[in-house]
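> Please see the structure below; I have some questions.
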Amino acid sequence: MGLIVTIIIGFFVGLIAKFLMPGRDPGGFIITILLGIGGALTANFLGRALGLYSTNEAAGFIASVIGAMILLAIYRAFSGRGRLTH
């Protein structure tokens, strides 16, 4: 049951991140889920590195969205999709 909840929350986190950072990004349902789950992992890693979370704490929903937005920005920077073209 925990895996199903993780997938559902990952989907919503990925959707919100894509909504807050509009643009043409790859993927559909699966990539959006992976983006959300990766955002949660990124938020956990950064939160622990900054001393915001202890070892047994998990990042919250908002931190996960911010983590997903960071991943989306990194993807766009390396793929060239974040640049304005004329």
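The values are calculated or read from the model by the stated rules, or taken from the named source; none is laboratory data. Just so it is clear, the model here is predicted, and its values are computed rather than measured. All Cβ positions, glycine included, derive from the backbone under ideal geometry; neighbour counts span all protein chains shown.
> Test of understanding: among F29, F12, F19, F61, which residue is at pLDDT below 80 and of a type in the set (A, V, I, L, M, F, W, C)?
Only one candidate qualifies: F29.
> Let me ask something else. Just the residues that are in contact (Cβ under 8 Å) with a residue 24 or more places away in the chain, out of contact with any Gly (no Cβ under 7 Å at 6 or more places or on another chain), surrounded by 13 or more Cβ atoms within 10 Å (Cβ to Cβ) and among the aliphatic types (A, V, I, L, M), please, taken from segment 10-33.
Hits for segment 10-33 are I16, M21.
> Starting from residues that are small (G, A, S), more than 10 Å from the chain's Cα centre (by Cα) and part of a helix (DSSP H, G or I), keep the ones in segment 20-63 and report whichever is nearest to I7 (Cα to Cα).
G47
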